[in-house]
Amino acid sequence: MYSGSGQRSAQANFQGQQESLYMLASDTGGKALLDQNDLALGIQQAQKDIASYYILGYYSTNAALDGRYRRIKVQIGRNLTAKLDYRSGYFTSKEFRNFSSGDRERQLQEALMLGDPVTDLSIAMEVNYFRQAKDRYFVPVAVKIPGSDIELARKGGAESTRLDFIGEIKDAKGAPQGMVRDEITVKLKGEDVGQLAARNLEYDTGFTLQPGTYTIKFLARENETGKMGTFESKFTVPDLTSDQRYLPISSVVLGYQKEKLDAAVATAERDKKLLAMSPLVQDGEKLVPSVTRVFRKQQDMHVYLEAYQPGAEKTQMMVATVTFFRGKTKAFETAPLKITEGLNKSKAVPVRFTVPLAKLQPGRYTCQVNVLMPSAQRFAVWRSSVALLE
């Protein structure tokens, strides 16, 4: 191993490695400082180099945004003496329509990691939870994008466009607990083009999680214009078995629309399987959550939740009401709903209300849902602000 040929081979390998570092530094406008353990020496050299210099800039006459590599070469006159430090080239910007499939996927991944949100598309999101077992909860996620944000809906004429979605859920320690990468095709035909601008596009997905605190970050991109939007929020999946004083209930979902699954404007094959797990789907119709909780007088408010009876062999009778408060004044209350059946394998009893809003005056209200189980002397109360428009 100490022969002359071995030494020559080792030296050649070492020089080859240094040559690669020199070339990398030169091509990127940097400087290689090798075989120096003194960091201060490199800093002193950098100070000397910038003590006296000119910065040269230029505007390219090639306006094509094709993402190609543009070479740069700088020369000085024969009668001048100077040292040149410059990049040998750069990649120009690229229009979204010229992106390859790899470019588009890389853009989604990079945008998801950005600290600052992207706001070209408006995104609203609602996260709910429904218990499946003692330590397992189904967490449906509803994402809404205004149809007016889709460029093709305003221009018309196109058959369809595609929306890309990418999202990630992390626990309180920052460890990934769920990931989604999906796409939906939005059909734009005939009068649907005009209707799309006045309605919302919805994407539904879901995760199975344990009780805990999580952060969800979600990004959407429209694939004709390249517009993107992000949404990030914290949410908690509570342990509904930890407190025996109250009646355990799921999230309370408020909506004004029930949509047939085969009539959705935007559909994704993957989410049809997830929807089969969702308690918001019944008899081929899906209750669409009102993410913003804004309603109109001519609409009905649909209320859905699940109450849990862990030790029951059959449904224990419950009584539920929905009350609207304006300030501290009770504005409206439904007749008590008596629930005597519905217990399923997960020990959940569905609670459903349909509340006409015509009798209420426009304004802001506090919606309160009360559920009482007299036999166990346990109850649950849920409140949320809602807005009612004319």
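The values are calculated or read from the model by the stated rules, or taken from the named source; none is laboratory data. Bear in mind that the values here come from a model prediction, so they are computed numbers and not experimental data. Glycine also receives a Cβ, built like all others from the backbone with ideal geometry; neighbour counts cover every protein chain displayed. What goes into the accessible areas is simple: the full protein's heavy atoms, side chains included, and nothing from ligands, DNA or RNA. Shrake-Rupley method; radii C 1.70, N 1.55, O 1.52, S 1.80 Å.
Assorted remarks:
- Computed E for residue 104/residue 325 - FRET, C-beta separation, R0 41 angstrom, nearest 0.05: 0.25
- Neighbour net charge for residue 174 - beta-carbon separation under 14 angstrom, K R +1, D E -1: +1
- For the chain, the longest principal axis of the Cα atoms and the long axis of helix 101-113 meet at an angle of about 70 degrees.
- Neighbour cut-off at most 15 other Cβ (10 Å), DSSP loop, GluC sites (Glu not before Pro), segment 74-152: 95
- Unit charges on C-beta of K, R, D, E only; dipole of segment 75-144, Debye: 180
- Length released on extending from residue 246 to residue 375, taking residue separation times 0.36 nm less the Cα-Cα span: 45.2 nm
- Theoretical gain in end-to-end length, residue 111 to residue 124 [0.36 nm per residue, Cα-Cα removed]: 2.9 nm
- Overall form of segment 66-122 per C-alpha gyration tensor (a/c, 1.5; a/b vs b/c): prolate
- In degrees, nearest ten, helix 4-27 long axis to first principal axis of the chain (Cα): 70
- Overall, the accessible surface of the chain at a probe of 1.4 angstrom is composed of carbon and sulfur to the extent of 50 percent.
- For segment 336-373, the list of trypsin sites (Lys or Arg not before Pro) that fall in a loop by DSSP and count at most 14 other C-beta atoms within 10 angstrom reads 345, 359.
- Distance from the alpha carbon centroid of segment 129-144 to that of segment 301-362 works out to 19 angstrom.
- In degrees, nearest ten, helix 39-49 long axis to first principal axis of the chain (Cα): 70
- Restricting segment 307-343 to GluC sites (Glu not before Pro) that sit in a DSSP loop and have at most 12 other Cβ atoms within 10 Å of their own Cβ leaves 313, 341.
- Subtracting the Cα-Cα distance of residue 40 and residue 317 from 0.36 nm times their residue separation leaves 91.9 nm of extension gain.
- About the Cα centre, charge dipole magnitude for the chain (Lys/Arg +1, Asp/Glu -1 at Cβ), debye: 680
- Counting only Cβ charges, +1 for Lys and Arg and -1 for Asp and Glu, the dipole size of segment 29-188 around its Cα centre is about 420 debye.
- Relative contact order of the chain, taken over Cα pairs closer than 8 Å and 6 or more residues apart, is 12 percent.
- Legend: distances between Cα atoms for 170/314; 338/359; 170/328; 94/187; 260/347; pairs beyond 31 Å are 170/314; 170/328.
- Rolling a 1.4 Å probe over the heavy atoms of the protein chains gives the chain an accessible area of 61 Å² per residue.
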